[in-house]
Amino acid sequence: MWLDSHCHVGAADFDADRGDVLARAWAGGLEALVAIGSGYGIEANSRALDLAGEDPRIFATVGVHPHEAIELDAAGRERLVGWLAAPRVVAVGECGLDYHYMRSPREVQRAVFAEQVALARERDLPVSIHVRGDDASAWDEMLDIWHAEGRGGVAGVLHCYTGTLDFARRALDARLEISFSGILTFKTADDLRAVAAALPLERLMVETDCPLLAPVPQRGRRNEPAHVALVGTRLAEACGAPVDAVARATSANARRLFRLPVPARA
Ligand SMILES: [Zn+2]
Ligand SMILES: [Zn+2]
(Lines give C-alpha, C1' and ligand atoms only; values in the text may rest on other atoms or scores of the structure.)
(Ligands and ions follow the chains in the order given, each with its own letter.)
Protein backbone atom coordinates (compact mmCIF):
# COMPACT_ATOMS: atom_id res chain seq x y z
CA MET A 1 0.00 0.00 0.00
CA TRP A 2 1.41 3.36 -1.08
CA LEU A 3 0.93 6.74 0.52
CA ASP A 4 1.23 9.86 -1.64
CA SER A 5 2.86 12.22 0.85
CA HIS A 6 2.46 15.33 -1.32
CA CYS A 7 -0.11 15.99 -4.02
CA HIS A 8 -2.28 18.86 -5.18
CA VAL A 9 -5.56 17.03 -5.83
CA GLY A 10 -7.41 20.28 -5.09
CA ALA A 11 -5.88 21.92 -8.19
CA ALA A 12 -8.26 23.07 -10.92
CA ASP A 13 -6.54 20.58 -13.28
CA PHE A 14 -8.66 17.89 -11.59
CA ASP A 15 -11.98 19.74 -11.51
CA ALA A 16 -13.41 17.85 -14.49
CA ASP A 17 -12.66 14.31 -13.27
CA ARG A 18 -11.46 14.43 -9.64
CA GLY A 19 -13.72 11.54 -8.63
CA ASP A 20 -12.21 9.28 -11.30
CA VAL A 21 -8.67 10.35 -10.36
CA LEU A 22 -9.26 9.49 -6.69
CA ALA A 23 -10.97 6.20 -7.61
CA ARG A 24 -7.88 5.22 -9.63
CA ALA A 25 -5.68 6.11 -6.64
CA TRP A 26 -7.55 3.79 -4.26
CA ALA A 27 -7.81 1.06 -6.91
CA GLY A 28 -4.07 1.44 -7.55
CA GLY A 29 -3.16 0.54 -3.98
CA LEU A 30 -2.96 3.90 -2.22
CA GLU A 31 -3.92 3.77 1.44
CA ALA A 32 -3.99 7.54 1.92
CA LEU A 33 -2.82 10.82 0.45
CA VAL A 34 -1.77 14.18 1.78
CA ALA A 35 -3.51 16.99 -0.14
CA ILE A 36 -1.28 20.06 -0.09
CA GLY A 37 -3.29 23.25 0.34
CA SER A 38 -0.76 25.80 -0.88
CA GLY A 39 0.68 26.42 -4.32
CA TYR A 40 -2.39 27.66 -6.16
CA GLY A 41 -3.11 30.90 -4.32
CA ILE A 42 -3.62 31.32 -0.59
CA GLU A 43 -7.42 31.12 -0.76
CA ALA A 44 -7.19 27.73 -2.53
CA ASN A 45 -5.97 26.13 0.74
CA SER A 46 -9.64 25.61 1.56
CA ARG A 47 -9.98 23.09 -1.31
CA ALA A 48 -7.57 20.69 0.39
CA LEU A 49 -9.62 20.98 3.58
CA ASP A 50 -12.86 20.33 1.69
CA LEU A 51 -11.41 17.19 0.10
CA ALA A 52 -10.13 15.92 3.45
CA GLY A 53 -13.63 16.41 4.82
CA GLU A 54 -15.08 14.17 2.12
CA ASP A 55 -12.86 11.08 2.46
CA PRO A 56 -11.09 9.67 5.56
CA ARG A 57 -8.12 8.63 3.39
CA ILE A 58 -7.38 12.26 2.46
CA PHE A 59 -5.49 14.53 4.85
CA ALA A 60 -4.81 18.23 4.32
CA THR A 61 -1.99 20.68 4.81
CA VAL A 62 -2.38 24.45 4.75
CA GLY A 63 0.30 27.03 4.18
CA VAL A 64 1.85 29.64 1.94
CA HIS A 65 4.03 28.49 -0.98
CA PRO A 66 7.23 30.55 -1.52
CA HIS A 67 5.83 31.65 -4.90
CA GLU A 68 2.86 33.18 -3.04
CA ALA A 69 4.79 34.64 -0.12
CA ILE A 70 4.36 38.16 -1.48
CA GLU A 71 0.54 37.73 -1.40
CA LEU A 72 0.36 37.07 2.34
CA ASP A 73 -1.36 39.96 4.11
CA ALA A 74 -3.16 40.37 7.43
CA ALA A 75 -6.37 38.80 6.10
CA GLY A 76 -4.43 35.84 4.69
CA ARG A 77 -2.68 35.36 8.01
CA GLU A 78 -5.99 35.27 9.80
CA ARG A 79 -7.34 32.68 7.32
CA LEU A 80 -4.22 30.58 7.74
CA VAL A 81 -4.46 30.50 11.52
CA GLY A 82 -8.14 29.54 11.28
CA TRP A 83 -7.47 26.71 8.82
CA LEU A 84 -4.63 25.35 10.96
CA ALA A 85 -7.12 24.61 13.71
CA ALA A 86 -9.21 22.32 11.47
CA PRO A 87 -9.15 18.68 12.62
CA ARG A 88 -8.04 17.14 9.29
CA VAL A 89 -4.99 19.41 8.93
CA VAL A 90 -1.86 17.31 9.47
CA ALA A 91 0.90 19.77 8.57
CA VAL A 92 1.87 23.31 7.70
CA GLY A 93 2.91 23.78 4.08
CA GLU A 94 4.07 23.46 1.57
CA CYS A 95 6.28 26.40 2.45
CA GLY A 96 9.95 27.17 2.02
CA LEU A 97 12.29 28.95 -0.38
CA ASP A 98 12.29 28.98 -4.17
CA TYR A 99 15.22 30.94 -5.55
CA HIS A 100 14.88 29.38 -9.01
CA TYR A 101 11.63 31.01 -10.10
CA MET A 102 11.92 33.88 -7.61
CA ARG A 103 8.25 34.85 -7.82
CA SER A 104 8.53 36.53 -4.41
CA PRO A 105 11.59 38.51 -3.23
CA ARG A 106 14.10 36.52 -1.17
CA GLU A 107 13.59 38.47 2.03
CA VAL A 108 9.81 38.03 1.80
CA GLN A 109 10.20 34.30 1.18
CA ARG A 110 12.51 34.00 4.18
CA ALA A 111 10.17 35.94 6.49
CA VAL A 112 7.05 34.02 5.42
CA PHE A 113 8.81 30.66 5.77
CA ALA A 114 10.12 31.65 9.23
CA GLU A 115 6.61 32.66 10.25
CA GLN A 116 5.21 29.27 9.22
CA VAL A 117 7.92 27.30 11.02
CA ALA A 118 7.11 29.29 14.15
CA LEU A 119 3.39 28.57 13.66
CA ALA A 120 4.15 24.85 13.28
CA ARG A 121 6.12 24.90 16.52
CA GLU A 122 3.30 26.65 18.36
CA ARG A 123 0.66 24.29 16.92
CA ASP A 124 2.81 21.16 17.28
CA LEU A 125 2.46 20.32 13.57
CA PRO A 126 5.07 19.01 11.12
CA VAL A 127 6.04 21.03 8.03
CA SER A 128 6.08 20.11 4.33
CA ILE A 129 9.02 22.02 2.87
CA HIS A 130 9.76 23.15 -0.68
CA VAL A 131 13.31 24.19 -1.59
CA ARG A 132 14.57 25.06 -5.03
CA GLY A 133 17.58 27.08 -6.10
CA ASP A 134 20.35 27.24 -8.64
CA ASP A 135 23.05 27.26 -5.99
CA ALA A 136 23.30 26.13 -2.37
CA SER A 137 21.96 29.36 -0.86
CA ALA A 138 18.28 28.34 -0.81
CA TRP A 139 19.14 25.06 0.92
CA ASP A 140 21.51 26.65 3.44
CA GLU A 141 19.14 29.50 4.25
CA MET A 142 16.20 27.11 4.62
CA LEU A 143 18.13 25.10 7.18
CA ASP A 144 19.25 28.25 9.05
CA ILE A 145 15.61 29.37 9.38
CA TRP A 146 14.55 25.84 10.30
CA HIS A 147 17.01 25.78 13.21
CA ALA A 148 16.32 29.37 14.31
CA GLU A 149 12.51 29.11 14.32
CA GLY A 150 12.02 25.40 14.90
CA ARG A 151 14.52 25.25 17.78
CA GLY A 152 14.70 21.48 17.44
CA GLY A 153 11.02 21.17 18.29
CA VAL A 154 9.55 20.70 14.82
CA ALA A 155 9.65 17.76 12.43
CA GLY A 156 9.15 17.98 8.68
CA VAL A 157 9.77 16.62 5.23
CA LEU A 158 11.76 17.99 2.30
CA HIS A 159 9.35 17.33 -0.53
CA CYS A 160 10.43 16.61 -4.12
CA TYR A 161 14.03 16.20 -3.05
CA THR A 162 16.65 17.11 -5.67
CA GLY A 163 19.58 18.11 -3.46
CA THR A 164 22.91 16.54 -2.65
CA LEU A 165 23.66 13.59 -0.39
CA ASP A 166 25.54 15.87 1.98
CA PHE A 167 22.57 18.19 2.36
CA ALA A 168 20.15 15.26 2.78
CA ARG A 169 22.26 14.03 5.70
CA ARG A 170 22.20 17.48 7.30
CA ALA A 171 18.43 17.51 6.85
CA LEU A 172 18.00 14.07 8.43
CA ASP A 173 19.98 15.31 11.43
CA ALA A 174 17.54 18.25 11.66
CA ARG A 175 14.43 16.02 11.96
CA LEU A 176 13.59 16.33 8.26
CA GLU A 177 12.47 13.31 6.25
CA ILE A 178 13.24 13.10 2.52
CA SER A 179 10.52 12.64 -0.11
CA PHE A 180 11.13 11.70 -3.75
CA SER A 181 8.87 12.61 -6.66
CA GLY A 182 8.66 11.53 -10.31
CA ILE A 183 11.99 13.29 -10.92
CA LEU A 184 13.57 10.13 -9.48
CA THR A 185 12.34 8.22 -12.58
CA PHE A 186 13.78 10.63 -15.15
CA LYS A 187 16.54 9.30 -17.42
CA THR A 188 18.89 12.06 -16.35
CA ALA A 189 18.41 11.44 -12.60
CA ASP A 190 21.26 8.98 -11.97
CA ASP A 191 22.80 11.31 -9.38
CA LEU A 192 19.51 11.62 -7.52
CA ARG A 193 19.01 7.83 -7.55
CA ALA A 194 22.50 7.45 -6.08
CA VAL A 195 21.52 9.90 -3.30
CA ALA A 196 18.35 7.89 -2.61
CA ALA A 197 20.28 4.63 -2.47
CA ALA A 198 22.65 6.04 0.14
CA LEU A 199 19.91 7.22 2.52
CA PRO A 200 18.18 5.14 5.22
CA LEU A 201 14.95 3.75 3.74
CA GLU A 202 13.00 4.32 6.96
CA ARG A 203 13.54 8.09 6.56
CA LEU A 204 12.22 8.27 2.97
CA MET A 205 8.80 8.98 1.49
CA VAL A 206 7.30 9.04 -1.99
CA GLU A 207 5.00 11.57 -3.59
CA THR A 208 3.60 12.66 -6.94
CA ASP A 209 3.39 16.46 -6.48
CA CYS A 210 0.60 16.06 -9.07
CA PRO A 211 -0.64 17.51 -11.36
CA LEU A 212 3.02 18.25 -12.22
CA LEU A 213 6.08 15.98 -12.50
CA ALA A 214 4.51 12.82 -13.90
CA PRO A 215 6.96 9.93 -13.58
CA VAL A 216 8.28 7.91 -16.54
CA PRO A 217 6.49 6.52 -18.60
CA GLN A 218 3.76 9.11 -18.00
CA ARG A 219 6.19 12.03 -18.26
CA GLY A 220 4.72 15.08 -19.98
CA ARG A 221 1.11 14.15 -19.15
CA ARG A 222 -0.98 15.29 -16.21
CA ASN A 223 0.24 13.49 -13.10
CA GLU A 224 -2.09 11.88 -10.54
CA PRO A 225 -1.76 10.10 -7.16
CA ALA A 226 -2.00 6.57 -8.63
CA HIS A 227 1.39 7.20 -10.27
CA VAL A 228 3.11 7.27 -6.87
CA ALA A 229 3.59 3.52 -7.36
CA LEU A 230 5.88 4.29 -10.34
CA VAL A 231 8.01 6.53 -8.12
CA GLY A 232 8.13 3.93 -5.37
CA THR A 233 9.02 1.12 -7.76
CA ARG A 234 11.91 3.17 -9.18
CA LEU A 235 13.04 3.96 -5.64
CA ALA A 236 13.04 0.24 -4.85
CA GLU A 237 15.21 -0.45 -7.92
CA ALA A 238 17.60 2.33 -6.94
CA CYS A 239 17.89 1.00 -3.39
CA GLY A 240 18.01 -2.66 -4.40
CA ALA A 241 15.11 -3.33 -2.04
CA PRO A 242 11.87 -5.28 -2.61
CA VAL A 243 9.01 -3.07 -3.82
CA ASP A 244 6.71 -4.12 -0.98
CA ALA A 245 9.38 -3.26 1.60
CA VAL A 246 9.71 0.21 0.08
CA ALA A 247 5.92 0.67 0.07
CA ARG A 248 5.74 -0.39 3.71
CA ALA A 249 8.67 1.78 4.83
CA THR A 250 7.69 4.95 2.98
CA SER A 251 4.04 4.70 4.04
CA ALA A 252 4.99 4.04 7.66
CA ASN A 253 7.30 7.04 7.63
CA ALA A 254 4.58 9.33 6.25
CA ARG A 255 2.04 8.02 8.76
CA ARG A 256 4.52 8.64 11.57
CA LEU A 257 5.46 12.17 10.50
CA PHE A 258 1.90 13.33 9.78
CA ARG A 259 0.49 11.26 12.69
CA LEU A 260 -2.10 9.64 10.47
CA PRO A 261 -4.47 7.03 11.91
CA VAL A 262 -3.38 3.49 11.02
CA PRO A 263 -4.79 2.47 8.67
CA ALA A 264 -6.93 5.23 7.21
CA ARG A 265 -10.12 3.52 6.04
CA ALA A 266 -12.87 4.66 3.72
ZN1 LIG B 1 6.92 22.18 -4.01
ZN1 LIG C 1 3.79 20.71 -4.27
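The values are calculated or read from the model by the stated rules, or taken from the named source; none is laboratory data. As the structure is a prediction and not an experimental result, all values here were calculated from the model. Ideal geometry is used to build each Cβ from the backbone, glycine not excepted, and the neighbour counts take in all protein chains shown. Please note that ligands, DNA and RNA were not included when accessible areas were found on the heavy atoms of the full protein model with its side chains. Shrake-Rupley method; radii C 1.70, N 1.55, O 1.52, S 1.80 Å.
Across region 105-119, rounded Karplus estimates of 3J(HN,Hα) from the backbone phi angles (6.51 cos²θ - 1.76 cosθ + 1.60, θ = phi - 60°) give x, 3, 5, 5, 4, 4, 5, 6, 5, 4, 4, 6, 5, 5, 4 Hz, Gly and Pro being marked x. When shorter helices are ignored and each DSSP H run of at least 4 residues is given -39500 (n - 2.57), the per-residue value for the chain at 222 nm works out to -13000 deg cm²/dmol. About its Cα centre, region 146-266 has a charge dipole of approximately 280 debye under the convention of +1 per Lys or Arg Cβ and -1 per Asp or Glu Cβ, with nothing else charged.
If the Kirkwood radius is taken over C-alpha pairs of region 195-247, then at 37 °C and 0.692 mPa s the Stokes-Einstein diffusion coefficient equals 288 µm²/s. In whole angstrom, region 148-266 maps to an equivalent ellipsoid with semi-axes of 22, 18, 14, each derived as √(5λ) from the alpha carbon gyration tensor and ordered largest first. Stokes-Einstein, applied to the Kirkwood radius of region 1-117 over Cα pairs at a viscosity of 1.306 mPa s and 10 °C, places its translational diffusion at 109 µm² s⁻¹. Measure off, as a whole percent, the carbon and sulfur share of the 1.4 Å-probe accessible area of the chain, all protein chains present. Of the solvent-accessible surface of the chain, carbon and sulfur hold 51 percent.
Treating each Cα of region 102-143 as an identical point scatterer and summing with the Debye formula, the log10 of I(q)/I(0) at q = 0.14, 0.19 Å⁻¹ comes to -0.34, -0.60. Placing C95, C239 in order of accessible area, with the largest value first and a 1.4 Å probe, yields C239, C95. Hey, what do the phi angles of region 56-61 turn into as Karplus ³J(HN,Hα) couplings, whole Hz, using 6.51/-1.76/1.60 and θ = phi - 60°, x for Gly and Pro? Along region 56-61, the couplings run x, 8, 10, 10, 10, 10 Hz. In this structure the amide hydrogen of E94, modeled in the peptide plane, comes within under 5 Å of the amide hydrogens of G37, S38, none closer than 5 places in sequence on its chain. At each listed q (0.12, 0.17, 0.26 Å⁻¹), what is the log10 of I(q)/I(0) that the Debye formula gives for region 70-155 modelled as equal alpha-carbon point scatterers? Here log10 of I(q) over I(0) equals -0.34, -0.68, -1.36. Give a quick list of GluC sites (Glu not before Pro) in region 7-69 that DSSP marks as loop, anything other than H, G, I, E or B, with at most 13 other Cβ atoms within 10 Å. The qualifying sites: there are none. The H on the amide N of M205, modeled in the peptide plane, is under 5 Å from the matching H of I178, S179, F180, each at least 5 residues off or on a different chain.
Sorting M102, M142, M1 by accessible area puts them as M1, M102, M142; the probe is 1.4 Å, largest comes first, and only protein heavy atoms count.
Taking every protein chain into account, the 1.4 Å probe leaves R234 with about 60 Å² of accessible area, to the nearest ten.
Note on the chain: Cα-Cα pairs beyond 23 Å make up 46% of the total pair count.
All alpha carbon pair distances within region 25-80 were sorted into 10 Å bins beginning at 0; the resulting P(r) in whole percents reads 25, 44, 23, 8, 0.
Between L30 and W2, the built amide H atoms are under 5 Å apart, and every one of these is 5 or more places off in sequence or on another chain.
Solvent-accessible surface of region 155-213, taken per residue with a 1.4 Å probe and all protein chains present: 37 Å². Phi-derived couplings, Karplus 6.51 cos²θ - 1.76 cosθ + 1.60 at θ = phi - 60°, listed residue by residue for region 217-225: x, 8, 3, x, 8, 5, 8, 8, x Hz, with x used for Gly and Pro.
Packing, as the average of other Cβ atoms within 10 Å across residues, places the peptides 254-260, 155-161, 143-149 in the order 155-161, 254-260, 143-149, highest first. Farthest toward the dipole's positive end in the chain, which of G240, H130, P56, given Cβ charges of +1 (Lys, Arg) and -1 (Asp, Glu) about the Cα centre? Looking along the dipole axis, the top candidate is G240.
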